[in-house]
1. Within the stretch 11-29, does at least one residue satisfy the condition of being closer than 22 Å to Val229 by Cα and in a helix (DSSP H, G or I)?
2. Would you kindly identify the helices (runs of 4 or more DSSP H) lying entirely within the stretch 64-156 that contain at least 2 residues that are more than 27 Å from Phe50 (Cα to Cα)?
3. Among the listed residues Ser191, Ser234, which satisfies the condition of being without any contact (Cβ under 8 Å) to a residue 60 or more places away in the chain, of a type in the set (Gly, Ala, Ser), buried (at least 19 other Cβ atoms within 10 Å of the Cβ) and farther than 23 Å from Gly155 by Cβ?
4. Look through Leu215, Leu250 and report the one residue that is part of a helix (DSSP H, G or I), in contact with a Gly (Cβ under 8 Å, 6 or more places away or on another chain) and either over 19 Å from Ser92 (Cβ atoms) or of a type in the set (A, V, I, L, M) (or both).
5. Which of the numbered conditions does Ile204 fail, given that it passes all the others? Conditions: (1) without any contact (Cβ under 8 Å) to a residue 24 or more places away in the chain; (2) within 18 Å of the chain's Cα centre (by Cα).
6. Can Ser221 be described as among the polar types (S, T, N, Q), assigned to a helix (DSSP H, G or I) and more than 20 Å from the chain's Cα centre (by Cα)?
7. If I go through the stretch 27-42 residue by residue, how many of them are charged (D, E, K, R) and either crowded, with 22+ Cβ neighbours inside 10 Å or touching a strand residue (DSSP E or B) at 6+ places or on another chain (Cβ under 8 Å) (or both)?
8. Out of Val256, Val229, Val211, Val205, report the one residue that is surrounded by fewer than 19 Cβ atoms within 10 Å (Cβ to Cβ) and modelled with pLDDT of 95 or more.
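The values are calculated or read from the model by the stated rules, or taken from the named source; none is laboratory data. Values in this document were obtained by computation on a predicted structure and should not be read as measured data. Backbone-built Cβ (ideal geometry, glycine too); neighbour counts: all protein chains shown.
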Amino acid sequence: MRNLLRRSFSGIIYVLIFISSILFSKESYLFLIAIFGFLSIWEFSKIIKFKGYISYLLFALILFLCYQRQDSFAVVGILIITIISSLFLIKSLITKKEISFSDDRNKLGLMLRYLIFSMTFLALLPFYKGSYNPELIIGVLILIWVNDSFALLVGKNFGKRKLFVSVSPRKTQEGFIGGLVFSLLAAYFISKYYTILSTGNWMIVSVIVSVIGTLGDLVESKYKRFANVKDSGSLMPGHGGILDRLDSLLFASPFVYLFINYII
């Protein structure tokens, strides 16, 4: 009970800070993502045993430049690199390829492709058609939270078949389907209030969030298993680290950004 109360309290604080920063201004949102980015880099650096400050400097520089030049070819190039890298990470997850880092150069490359680039697109996600649209990122957050909550609820009560037992023993196929179904339902209701996207497009976003977000959670779990740690950190009592809370959203953000900016 005590752990549940701690988990609930820290979760509520996290949600309130996130939503408040989104609604207050675009500057407060970007500032929060920058803080989340620095904390996630710190946590992931410990997981892969990477030392140095270059990753923090690169994140700050890339975030600033991409925000200033959102329509530039550089942003498109970074997006392509991020999507391809994510697909390779998914492939290595499915094929159960072992993780190995030969030197700091490879670790920095992974930090860029897996974390820094993805965090940059999380920052850019609410900027749609030249303006800041808080309802867009709030809608995506709701879909992430609905998917995670119902995947856990359905999996706990009805889950029998494991999803990726070698990486995350608790995730089940039934939980994954439950999260997807309720995410689709949430997308339908979101589209009635946030009309920036059509109902069909919101539902496609919910599929991206559910499928890619779940895979992102599993990818992070694979890195933690490699490092023999349960959580990425301890900043959020009952939840783990910031990266543990952001892994699904972080991994899905470039795919959502690609869909809403270059496909629809």
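1. Taking every residue of the stretch 11-29 in turn, at least one turns out to be closer than 22 Å to Val229 by Cα and in a helix (DSSP H, G or I).
2. On the way: elements: 73-94, 104-110, 117-124.
Qualifying helices (runs of 4 or more DSSP H): 73-94.
3. Numbers: Ser234 fails: buried (at least 19 other Cβ atoms within 10 Å of the Cβ).
Every option except Ser191 fails the conditions.
4. Numbers: Leu215 fails: in contact with a Gly (Cβ under 8 Å, 6 or more places away or on another chain).
Criteria check complete, one pass: Leu250.
5. (1) is the only condition that Ile204 fails.
6. In short, no.
7. Pass one, the stretch 27-42, residues charged (D, E, K, R): 27.
The next check asks that each one be either crowded, with 22+ Cβ neighbours inside 10 Å or touching a strand residue (DSSP E or B) at 6+ places or on another chain (Cβ under 8 Å) (or both); those that pass are none.
Looking only at that region, the number is 0.
8. Working: Val256 fails: surrounded by fewer than 19 Cβ atoms within 10 Å (Cβ to Cβ); Val229 fails: modelled with pLDDT of 95 or more; Val205 fails: surrounded by fewer than 19 Cβ atoms within 10 Å (Cβ to Cβ).
On inspection, the qualifying residue turns out to be Val211.
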